[in-house]
1. How much length would be gained if the chain were fully extended between Asp92 and Ala74, taking 0.36 nm per residue of separation minus their Cα-Cα distance, in nm to one decimal?
2. Run the 1.4 Å probe and let me know the accessible area of Glu48, rounded to the nearest 10 Å².
3. Counting only other residues whose beta carbon sits under 15 Å from that of Ala35, what net charge do I get with K and R as +1, D and E as -1?
4. Once amide H atoms are placed 1.01 Å from N in the peptide plane, what residues at a sequence separation of 5 or more from Thr107, or on another chain, have their amide H within under 5 Å of its amide H?
5. If all Cα-Cα distances of the range 36-81 are sorted into 10 Å bins from 0 onward, what percent lands in each bin, rounded to whole numbers?
6. Could you work out how far apart the two model spin labels at Gln25 and Ala109 are, taking each label as a point 7 Å from the Cα in the direction of the beta carbon, and quote it in nm?
Amino acid sequence: QKTIQKTIQKTTPKARGAKPRHVPQRTCIACRQVAGKRSLLRVARTAEGVVIDPTGKQPGRGAYLHPYQTCWQAVLRGGRLGQALRTRLSADERKRLEDFMQTLPRTEAESNAADANAADVNVAEADRGRVDDQAPDSVRTVDGRRILDVYLD
């Protein structure tokens, strides 16, 4: 019985393929939820002061926040951002951060709704064109996304 198992192990191909890519995890200092580094915004303390770091690569001490007003309000209302960056926020820095916060969606649900509205607008723009219903390729899937081929007259 041992020989059979060894034979099976030798003939069974090992699962090969691309290794899953490591995604760095960071914690939002407002809500304490762990998320992928790219889904959070980094605020950094640099020699010029406290700045928003869109690349996530600026030197200096950093803190991560979700891109939603609710998290930013909680951090700016309390002293958590200054504590995380180990500095005191000046009035000018606080004003800049509050102005940036106003450009963000209020919550995750609002952000998702905005994405859905953008998709609806794209469909409405496609409806203005003529879709060739007879052609089998009028709707196709590419990388998991549905693509609608539109022919304008």
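1. Full-extension gain reported as 4.6 nm.
2. Probe radius 1.4 Å; accessible area of Glu48 about 150 Å².
3. +4
4. Those qualifying (amide H under 5 Å, at least 5 residues apart or on another chain) are Gln69.
5. 28, 55, 17
6. Taking the two extended label points, one gets 2.7 nm.
The values are calculated or read from the model by the stated rules, or taken from the named source; none is laboratory data. Source: prediction; values computed, not measured. So basically every Cβ, Gly included, is an ideal-geometry build from the backbone, and we count neighbours across all protein chains shown. Side chains included, ligands, DNA and RNA excluded: accessible areas come from the protein's heavy atoms. Shrake-Rupley method; radii C 1.70, N 1.55, O 1.52, S 1.80 Å.
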